[in-house]
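Notes for the one structure printed next.
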Amino acid sequence: MPTIEKINGSIFKVVYGNPTNPVDVTLPYEDAYSGLKCEEINGKLQVIDAGKTIISEKDSKVDGGIFSVTFSYENAHFFGFGEKMGYLDKRGKHFKMQNMDNPLHTPDLDPMYISIPFFIAVSPKKPAMGIFANSTSYTFFKTGNDFDVSAKDDGIELYLIYGPKVQDVVGKFTQLVGKMEMPPAWSLGYQQSRWSYSTASEALDIAKKLRSDDIPCDVIYLDIDYMDGYRVFTWGENFKAPKSFSQEMKKLGFKIVTIIDPGVKVDENYEIYKSGKSLDAFVKDRSGKDFTGYVWPGRCNFPDFLRSDVREWWAKSHKSLFENGVDGVWNDMNEPAIVWTDSKTSKVFELMQKGEIDFQILGEAKAFFAQEDFGDEIVHKDDKGKIWPHFKVRNIYAYLEAMATKQAFEMYKPNKRPFILTRAGFAGIQKYAAVWTGDNSSWWEHLEIEMPISMGLGMSGVAFTGTDVGGFGGNADGELLARWTEMGAFFPFFRNHSAIGTSRQEPWSFGKQIEDTIRKYIKLRYALFPYIYTAFYFSHKDGVPVMRPLLFLDQDNENLYSINDEFLFGDSILVAPITRPNATWRTVYIPKGKWIDMRNGNLYEEDHVYKIDAPLDEIPIFIKENSMIFKTDPANYILEKEKMNLYVDIYGQEAVGYLYEDDGETLDYKAGKYNLYEFAVGALSQGYTIGIKALNHGYVGKYKKVQMNFLNAPRQIIEVTLNGKKIESHFDGKTLKVEFEMEDVI
Ligand code: GLC
């Protein structure tokens with residue numbers, strides 16, 4: 001029999017057996033809803049809302065060290081599960097949660113890098129229910145008419161989270177495991193990466209070329225080759241003067257993000273190894289010896305991030321990065337991944353040295369390790385000295401590493417927002433890091449599947465997600481890169497990255513026409529910054545993802561459950577990428593409401609499918625009727641200009657829109673130093689009223705002049721008022737414009 005605890009409002013915690021976790025990721029929770037009941041009826045758990053059973057337990061059992069519970073929720077479709085291959089609706093699937101690096105992202109690959117043992121059961125006309133298996137151990141799920149939730153443990157702790165809407169479940173789940181903090185504004189810009197820009201002059205040349213080609217960009221990444229023989233927290237021969245390098249980059253307006261893998265090279269002459277060894281910081285095998293695995297530097301030991309003193313040592317070790325001007329940290333290989341076996345390892349290194357790495361071999365080596373996860377052979381120790389088998393820690397290994405990395409920012413960059421990018425993670429990883437979806441390939445199939453993967457992550461609480469634009473493995477061509485960049489401009493995290501040995505993938509790699517298209521969409525991303533930043537603010541506040549599936553608009557419409565190749569970006573933008581080569585049009589399903597093609601103002605009606613043109617340099621983007629899109633001036637990088645102008649495009653006749661701004665870099669917003677404005681526009685018979693008010697005014701704003709554009713204003717305008725006062729307007733027969741200074745209004 002489980003124990004049932006009402007957490008508050010609409011969440012119940014149900015514990016079967018005696019589960020144990022080395023770390024609890026949940027937070028205190030409050031909620032006003034009280035309609036949900038969770039009871040045992042005839043020895044079985046029932047979740048009841050408004051007198052109707054919505055979830056009922058069928059069975060619970062222990063078998064071979066696995067504790068399972070089976071439930072039914074009639075006609076359920078399943079969403080979430082964190083990072084999983086496949087389409088949005090995960091009905092009829094079997095999943096395992098065990099953080100794993102396997103770079104061959106085949107359609108049925110499972111598990112992947114991140115484990116979020118959480119999903120949402122949805123069915124038309126029923127309240128959506130979230131189920132979070134709060135287990136850091138390996139967990140298993142089966143979905144169908146019934147669903148099974150299992151854990152490699154002596155029991156299982158479940159949180160049952162009532163919606164009723166899907167977005168409510170996501171919001172409540174993030175209240176339980178934590179929300180994203182406001183990221184640094186620059187991390188919303190375009191970012192350029194490659195494995196590797198391996199000399200300081202190469203990285204600088206890339207930065208200069210971006211500027212001279214007028215391609216806005218905020219960040220250059222340094223992959224493993226910046227280090228001395230892949231020893232983490234060192235700078236190699238090719239980056240002899242890291243400080244002057246970073247200063248030059250700063251002059252050009254670039255931030256630098258460096259990769260850090262958890263594997264520490266076993267090398268008696270290496271400071272980090274020596275200090276780790278003297279702290280006895282490394283994960284052990286069952287015999288008590290430091291566990292050794294091969295990664296890029298060769299033989300490595302792995303920090304036991306379960307211990308707080310080890311996390312502190314790791315945080316301190318970032319000194320060599322931050323004192324040399326590094327702005328962000330990229331945590332990779334943190335499942336942890338190990339390229340195993342001596343023979344395969346030596347083959348990989350031989351090829352790497354020749355610059356001819358063969359991904360098939362790397363994939364095989366990693367896949368080999370995937371089967372041999374050492375879950376029982378490796379052990380960790382917690383702060384109280386208790387020993388935990390690796391299988392109970394593996395899924396939070398990267399989560400704990402990200403905690404340590406955040407601590408490093410607190411140590412060396414007080415009052416600056418951290419930027420951490422991670423490949424692996426666990427439920428709640430958004431508290432510490434942004435996530436990218438790992439080693440995809442330059443395939444059209446991967447361009448397409450990145451949409452449901454990122455939306456699945458968003459529905460699992462991780463809002464700041466993105467993909468290697470252009471594809472990591474394999475060789476991109478210009479058309480694929482152009483299409484992927486058009487789509488990537490509307491993902492929360494926007495970075496072009498590619499693997500060693502593959503075709504170059506910088507924006508200029510495929511000639512002028514492709515570069516022009518790429519520039520056009522990167523510039524649109526920068527123009528949309530005020531809109532995007534505001535969407536991030538609401539995600540930080542409410543947990544609702546920035547990138548969302550269409551079913552968020554109407555969960556009673558089952559048609560929306562299988563729309564995998566369109567998505568919402570914030571409240572008002574619908575994106576319908578081209579996902580096939582040579583395609584210059586596609587069909588687009590228009591969901592609830594009326595939607596306006598951003599390119600030409602064409603209006604589309606709900607619940608219809610349209611054939612929409614999209615030549616190579618265009619991606620179909622639709623704006624919800626009666627909404628506002630906030631834009632700003634062009635910039636080379638997000639924080640380039642101290643003052644900027646604001647453009648507010650109004651689609652339709654009446655709209656309410658919100659604009660958030662703060663300094664973009666510090667933690668001062670937490671103390672109220674931010675502005676949140678509400679813009680409201682109403683139509684009169686012969687004019688418009690505009691009302692602007694500050695819901696919070698705690699920061700000297702960046703936006704100076706405001707230009708409001710009433711697109712397709714249908715009437716002869718006689719009068720426009722702004723906060724009750726008449727204001728001059730200009731009507732060109734189509735668009736009505738008004739202009740004013742922000743400081744005159746607020
Ligand atoms: C892993 C990462 C990839 C990185 C490479 C070398 O495969 O996923 O992004 O470029 O390692 O560090």
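The values are calculated or read from the model by the stated rules, or taken from the named source; none is laboratory data. What you see is a predicted model, and the numbers here were worked out from it, not measured in a lab. Cβ sites come from the backbone with ideal geometry, for glycine too, and all protein chains shown count toward neighbours. All accessible areas refer to the heavy atoms of the entire protein, side chains included, with ligands and DNA or RNA removed. Shrake-Rupley method; radii C 1.70, N 1.55, O 1.52, S 1.80 Å.
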By residue number, the members of segment 675-693 that are under 20 Å from residue 721 (Cα atoms) and either of a type outside the set (Gly, Ala, Ser) or open to solvent by 40 Å² or more (accessible area, probe 1.4 Å) (or both) are 677, 678, 679, 681, 684, 685, 686, 688, 689, 690, 692, 693
Restricting attention to segment 568-580, does a residue exist that is without any contact (Cβ under 8 Å) to a residue 24 or more places away in the chain and closer than 30 Å to residue 173 by Cα? yes
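Being under 19 Å from residue 513 (Cβ atoms) and either among the charged types (D, E, K, R) or within 13 Å of the ligand (Cβ to nearest atom) (or both) is the filter here; which residues of segment 453-481 pass it?
We begin by selecting, within segment 453-481, every residue under 19 Å from residue 513 (Cβ atoms); these are 469-470, 475-481.
Those that are under 19 Å from residue 513 (Cβ atoms) and either among the charged types (D, E, K, R) or within 13 Å of the ligand (Cβ to nearest atom) (or both): 469, 470, 477, 479.
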Number of the exception - residue 585 against (1) buried (at least 18 other Cβ atoms within 10 Å of the Cβ); (2) in the same structural domain as residue 560 (by TED's automatic domain parsing): (1)
Report yes if some residue within segment 297-316 is closer than 27 Å to residue 136 by Cα, among the basic types (Lys, Arg) and at pLDDT below 95; otherwise report no. no
Sort out which residues of segment 86-117 are within 17 Å of the chain's Cα centre (by Cα), farther than 13 Å from residue 453 by Cα and within 14 Å of the ligand (Cβ to nearest atom), and write them in order of number. 99
Name the single residue that is most open to solvent (accessible area, probe 1.4 Å) among those in segment 652-674 being in contact with a Leu (Cβ under 7 Å, 6 or more places away or on another chain) and hydroxyl-bearing (Ser, Thr, Tyr). 658
List pairs: first in segment 256-275 and more than 10 Å from residue 233 (Cα to Cα) and aromatic (Phe, Trp, Tyr), second within 16 Å of the ligand (Cβ to nearest atom) and not in a strand (DSSP E or B), Cβ under 8 Å, 6+ apart or cross-chain? 270/234
Selection count, segment 139-149, where residues are surrounded by 24 or more Cβ atoms within 10 Å (Cβ to Cβ) and of a type outside the set (A, V, I, L, M, F, W, C): 1
Given the conditions (1) more than 16 Å from the ligand (Cβ to nearest atom); (2) within 18 Å of residue 394 (Cα to Cα), every one holds for residue 78 apart from (2)
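So, in segment 699-726, exactly how many residues are open to solvent by 30 Å² or more (accessible area, probe 1.4 Å) and either assigned to a strand (DSSP E or B) or not β-branched (Val, Ile, Thr) (or both)? It would help to see each step written out before you state the result.
Within segment 699-726, the first condition is being open to solvent by 30 Å² or more (accessible area, probe 1.4 Å), and the residues that meet it are 699-700, 702, 704-705, 707, 711-712, 714-716, 718-719, 723-726.
Within this subset, residues satisfying the condition of being either assigned to a strand (DSSP E or B) or not β-branched (Val, Ile, Thr) (or both) are 699, 702, 704-705, 707, 711-712, 714-716, 719, 723-726.
Qualifying residue count, segment 699-726: 15.
Of everything in segment 230-254, what is open to solvent by less than 40 Å² (accessible area, probe 1.4 Å) and either free of Cβ contacts under 8 Å to residues at least 40 places away in the same chain or more than 14 Å from the ligand (Cβ to nearest atom) (or both)? Give them in sequence order. Reasoning before the result, please.
Residues of segment 230-254 open to solvent by less than 40 Å² (accessible area, probe 1.4 Å): 232-234, 236, 239, 242, 245-246, 249, 253-254.
Selection gives 233, 234, 236, 239, 242, 245, 246, 249, 253, 254.
Tell me the residue from 287, 317, 308 that is of a type in the set (Gly, Ala, Ser) and crowded, with 18+ Cβ neighbours inside 10 Å, please. Give the derivation first.
On the way: 287 fails: crowded, with 18+ Cβ neighbours inside 10 Å; 308 fails: crowded, with 18+ Cβ neighbours inside 10 Å.
Checking each option against the conditions leaves just 317.
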Is it the case that residue 322 is away from the ligand (no atom under 16 Å from the Cβ), at negative phi and surrounded by 19 or more Cβ atoms within 10 Å (Cβ to Cβ)? no
Please state which one of 525, 519, 504, 495 is of a type outside the set (Ser, Thr, Tyr), within 16 Å of the ligand (Cβ to nearest atom) and either part of a helix (DSSP H, G or I) or within 22 Å of the chain's Cα centre (by Cα) (or both). 495
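Each row is one residue, and each column tells you yes or no for (1) more than 21 Å from residue 638 (Cα to Cα); (2) surrounded by fewer than 24 Cβ atoms within 10 Å (Cβ to Cβ).
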| position | (1), (2) |
| --- | --- |
| 432 | yes, no |
| 436 | no, no |
| 461 | yes, no |
| 465 | no, no |
| 471 | yes, no |
| 480 | yes, yes |
| 484 | yes, no |
| 490 | no, no |
| 495 | no, no |
Could you list, in sequence order, the residues of segment 93-123 that are open to solvent by 10 Å² or more (accessible area, probe 1.4 Å) and farther than 19 Å from residue 150 by Cα? 102, 104, 106, 107, 108, 109
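Quick one: which strands (runs of 3 or more DSSP E) sit completely within segment 555-674 and have at least 3 residues that are aromatic (Phe, Trp, Tyr)?
Values: elements: 567-569, 573-575, 585-590, 595-597, 608-613, 621-624, 627-632, 644-651, 655-661.
Per the criteria, no element qualifies.
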Verdict on residue 447 being without any contact (Cβ under 8 Å) to a residue 40 or more places away in the chain, part of a helix (DSSP H, G or I) and at negative phi: no
I need a count of the residues in segment 150-180 that are charged (D, E, K, R), surrounded by fewer than 23 Cβ atoms within 10 Å (Cβ to Cβ) and more than 20 Å from residue 10 (Cβ to Cβ). 2
